[in-house]
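The values are calculated or read from the model by the stated rules, or taken from the named source; none is laboratory data. In this text, all values refer to a predicted model and were calculated from it rather than measured experimentally. Here the Cβ positions follow ideal geometry from the backbone for every residue, glycine too, while neighbour counts run over all protein chains shown. When the accessible area is computed, the model is the full protein with side chains, heavy atoms only, and any ligands, DNA or RNA have been set aside. Shrake-Rupley method; radii C 1.70, N 1.55, O 1.52, S 1.80 Å.
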Amino acid sequence: MRMNKYLAFLAAAFLAACTNVDGMSNVIKGVDYTGTEQNPDQGGSSGQTDPGVPTIIQEEVVGRLVSIQEFGVLPENTPGVNKVKLQKAIDAAQAEGLALYVTPVENGYPIDGGIVLKRNVSLIGAHGPTGRGTANPDRSGPTGSVFVIRDKNHPFLTVESATSVRGIQFYYPDQTWNNPNAIIPYKPTIQGSHEHGPQGVTLRDLSFYGEYMAMDFRMPEPGACEQILFEDCYGYPLGGEFIAISRCYDIPRILHCHVNPANQREFGRSFTAEMVDEVVKKKTYAYSIEATDNAVLMDVFTYGSYGGIYLGQHTYGQLTSFNLDCVAIGIYRTDDGAWNRNWEIAQGSIIANLGTDVRDVHPVLVEGVSGHTSLMNVNCFSGLNGGKICVGESNDFLCVKGNGYVTVSMVNCRMMSYVADDPVNCENEHATVRAVACFDREGYLYERSITPDDDGISGAKTMFDACDATGGWSSGLGPLTLDTENKKEGAASVSVSGSSGVVLLSKKLANPVETHVSQRKGHLHLWLYVSDISAFKSGAEGALEVTSSGKPDVEECAWYLSNLNLKSGWNELDLKLSSGGLTEGGPKLGAMNFLRIYSVGVQSAVTIKIDDIYFYEE
């Protein structure tokens, strides 16, 4: 549907831009492009008021799309002249809400900034987003519907409400592409009006070449904007900021936008690695959202930015289908309020590898005093690129900072190329983090809970059995009893005595336990009592096993008794899951249900007790 409308739109544009065949192609209702006022009663001229401004007649042509050339905006003019002509065209078009067509020409239109796109007016060009640039015949620059901007002191275009800018290229020919010391800090190419907070603005199919900042809709207090749509816009801002918006209280949308330093490839001006490094040094974000209601970001890409996306104070919304490539910080989320401050982030890839210190490189950074962040199907990986400011890996997957009660949930995240022992680095003692069905850099299942009451243990304890009852326990040594006197925790320990038997103790849970630990960082903790260690034949086979299969030797992690340095009396065992032997890939740590201790070397009477069995993550 959208394509059909767009084709019809371009057809109307073509008709409006054509040369005069029958006296009608240069005419729309109320406008004659000869620059002469017409008197319908007399049929004559009343004198020329301005040869660059059309005057009023009573005719109509379908499409209501007017070429800017008919207002005197021409490729041979100076930038200053074209600025004046274009502004007069916009002023004339405001009352009827006309669309001004940027007729394609070789090398584009030289023009200065400081232009105001007034309410109701549209600027329309011929192009979709040109991700690598158009090129003139000698490939020295872009061509077509191009504004060639020379002004260093003003935003090129300030937009008011009910406006649209579509299908246009913006080119800064004086901007360097290979000398980091010569970058020109141009004003934003397109800026929302601070005087008249813009509402209902469409920015679509735009390409930017050499800009310092592409689109700036950060509204100063008490101003605001609403319903700002950025769609299919491409560029590489040398200030690092492509789109920034704040104080937008009716759903801003950033859709299908692409930031890449190769966007001038077709005319030989792709930015060098040194230029990318200079952009990274600015520590800015390609996309920035602050003080907005229900922002929507979908299918956004950046390459070679310090930060991918900044989700700032007083915001909530959805971020989906994204790729943040070669960044130092992929997503930076911060807020100071709890009510509705929720960001839902899903289906994306982050390659965080830029910087000089890997400790400062984070795919996801969450900070603040409150708010919730949901991560689903987000993966990270890394490697080296051609730039100088590149460490090739990240410190972690998720870093949580701040001093307030922030919450983060993670589901089905694949986390790779980090150097820390754990992919989740929680420096906020008040935060709650929950990871489910995630996988670490080794491909191990990663499930973890971090809560404010962990008392120094990064992952909370998950009890397997308190050993206060004998239900589910069995032994080959003899009958089981509870010892309420000789215990280590709770009401009792489970005890058994005998002089022969292989299975010393085993426990099968009726309901599996979700341990909230990873294979890499998880521990099994328990107390094991042996009345006389000499009751076991030295070197005899024996092991302590935990499984998720409800039986031994299947989905198992096990430790040989001979490696546990057991002694007579109570033994506190703190066993790293990563040090255990695995069968069938190891247990499913989200559904643990079986423990067994066995030995084939019992040679005399012995009493075995067990107590306080739980999992935790270091």
If you average the C-alpha positions of region 77-138 and of region 423-454 separately, how far apart do those two centres end up, in angstrom? 52 Å
Taking the Cα centre of the chain as the origin, how large is its charge dipole in debye, to the nearest 20, when only Lys and Arg (+1) and Asp and Glu (-1) carry charge on their Cβ atoms? 660 debye
Reported label for calculated mean projected area of the Cα convex hull in nm² given [x] 29.4; [y] 30.9; [z] 34.1: [z]
Do any of Lys88/Lys282; Lys118/Lys281; Lys281/Lys401; Lys283/Lys576 go past 28 Å between their Cα atoms, and which? Lys88/Lys282; Lys118/Lys281; Lys283/Lys576
Residue by residue through region 291-308, which ³J(HN,Hα) values in whole Hz follow from phi under the Karplus form 6.51 cos²θ - 1.76 cosθ + 1.60 (θ = phi - 60°), with glycine and proline marked x? 6, 10, 9, 6, 5, 10, 10, 9, 6, 10, 9, 8, 9, x, 10, 4, x, x
Give me the net charge of Glu584's neighbourhood, meaning all other residues with Cβ under 14 Å from the Cβ of Glu584; Lys, Arg count +1, Asp, Glu -1. -2
Beta bridges per DSSP with both ends in region 320-374, % antiparallel, nearest 5: 0 percent
Under a crude label model (7 Å from the Cα following the beta-carbon direction), how far is Ala182 from Thr583 in nanometres? 7.1 nm
Three principal axis lengths of region 266-315 [C-alpha, angstrom, descending]: 41, 24, 12
For Lys85, go through the aspartates and glutamates and keep the ones whose alpha-carbon is under 15 Å away, minus same-chain ones fewer than eight residues off. Asp50, Glu70, Glu76, Asp112
Once phi for every residue in region 241-255 is put through the Karplus expression 6.51 cos²θ - 1.76 cosθ + 1.60 (θ = phi - 60°), the whole-Hz ³J(HN,Hα) values, with Gly and Pro written as x, are 10, 8, 10, 9, 8, 8, 6, 10, 9, 8, 6, x, 10, 10, 10
Before I look further, what does region 290-414 give for accessible area per residue, probe 1.4 Å, in whole square angstrom? 34 Å²
Approximate spin-label separation Glu485-Lys551, in nm, with each point projected 7 Å along Cα-to-Cβ: 4.0 nm
Region 230-262 versus region 304-321: alpha-carbon centroid distance in Å: 11 Å
Using a 1.4 Å probe over the heavy atoms of the protein chains, calculate the carbon and sulfur portion of the accessible area of region 323-393 as a whole percent. 52 percent
Rg and Dmax of region 393-511, using alpha carbons, in Å: what are they? 20.2, 58
CD proxy at 222 nm, helix term only [per DSSP H run n ≥ 4: -39500 (n - 2.57); per residue of the chain; nearest 500]: -2000 deg cm²/dmol
List the residues, sorted by chain then number, that are 5 or more residues from Arg218 or on another chain and whose placed amide H is less than 5 Å from its amide H. Gly192, Ser246
Report, for the chain, the % of DSSP beta bridges that are antiparallel, rounded to 5. 35 percent
Using the crude model of +1 on Lys and Arg Cβ and -1 on Asp and Glu Cβ, and no other charge, please compute the dipole size for region 253-372 relative to its Cα centre, in debye to 20. 140 debye
Accessible area of region 565-618 with a 1.4 Å probe: how many percent of it is carbon plus sulfur? 45 percent
Would you mind checking Lys461/Lys567; Lys487/Lys551; Lys487/Lys567 for any pair whose Cα atoms are more than 21 angstrom apart? Lys461/Lys567; Lys487/Lys551
Can you spot the aspartates and glutamates whose alpha carbon is less than 19 Å from Lys609's alpha carbon? Ignore those fewer than 8 places along the same chain. Asp465, Asp468, Asp483, Glu485, Glu489, Asp532, Glu545, Glu572, Asp574
Would you mind telling me the share, in percent, of accessible area of region 83-169 contributed by carbon and sulfur at probe 1.4 angstrom? 46 percent
How high is the FRET efficiency between Ile251 and Ser321 when r is their beta carbon distance and R₀ equals 22 Å, given to the nearest 0.05? 0.80
